[in-house]
Every structure is written in C-alpha cells, then in structure tokens.
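A.B. asks: Pasting a structure below so you can have a look.
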Amino acid sequence: MVFSDVVEVIKSLSTDEKLELQLLLQQYLREEHRDEMLANFESAQAEQQSGELTFSSDINALRQLIED
C-alpha cells in the first residue's frame, strides 16, 4: 500500500476513528522520539566510557574541538 492509498483510506474514516488514529500516531511518534533519545544517550555513554569524548570549559578549546 502506498502513502496516497493510506491517505484515501483515512479520509473515509469516521471522525471518531480519525481522532483515535491521531492519538495513536502521537503515541507512536513519542515512542520513536524516546527510542532515539535512548539510542543517543547509549551512544554518548559508550563514547564517554571508551574515552572518545573530550570535555572543556575553555571556549577556545571548544572551538578547536568543533573545527577538528
């Protein structure tokens, strides 16, 4: 099924069904966002544990890190 077919099916739903679908989509998007944040956290945690992360409060050092 292609996206345009999905859109056409959604158009034919009742208002209550569309609202339920909207709630489900919002929930699915929140879950995906949480999964993405967890993956980013775990990746950063692994980088930190392997010593790949560099921390500094010196603005010039931070600029140099960005440029590298």
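A.B. asks: So, for the chain, what is the accessible surface per residue at a probe of 1.4 Å, expressed in square angstrom?
C.D. replies: 92 Å²
A.B. asks: Debye calculation, C-alpha points only, no solvent: report log10 I(q)/I(0) for the chain at q = 0.22, 0.23, 0.27 Å⁻¹, in the same order as the q values.
C.D. replies: Results for the chain at q = 0.22, 0.23, 0.27 Å⁻¹ read -1.02, -1.05, -1.09.
A.B. asks: Rank by packing, highest mean first: peptides 1-7, 32-38, with packing defined as the count of other Cβ atoms within 10 Å averaged across residues.
C.D. replies: Put in order of decreasing packing, that is 32-38, 1-7.
A.B. asks: Now for a different question. With +1 on the Cβ of every Lys and Arg and -1 on the Cβ of every Asp and Glu, and nothing else charged, how large is the dipole of the chain about its Cα centre, in debye rounded to the nearest 20?
C.D. replies: Approximately 220 debye in magnitude.
The values are calculated or read from the model by the stated rules, or taken from the named source; none is laboratory data. Keep in mind that this is a model prediction, so the values were computed, not measured. Quick reminder, even Gly has a Cβ in these numbers, built from the backbone with ideal geometry, and neighbours come from all protein chains shown. Just the protein is used for accessible areas: all its heavy atoms, side chains included, with ligands, DNA and RNA removed. Shrake-Rupley method; radii C 1.70, N 1.55, O 1.52, S 1.80 Å.
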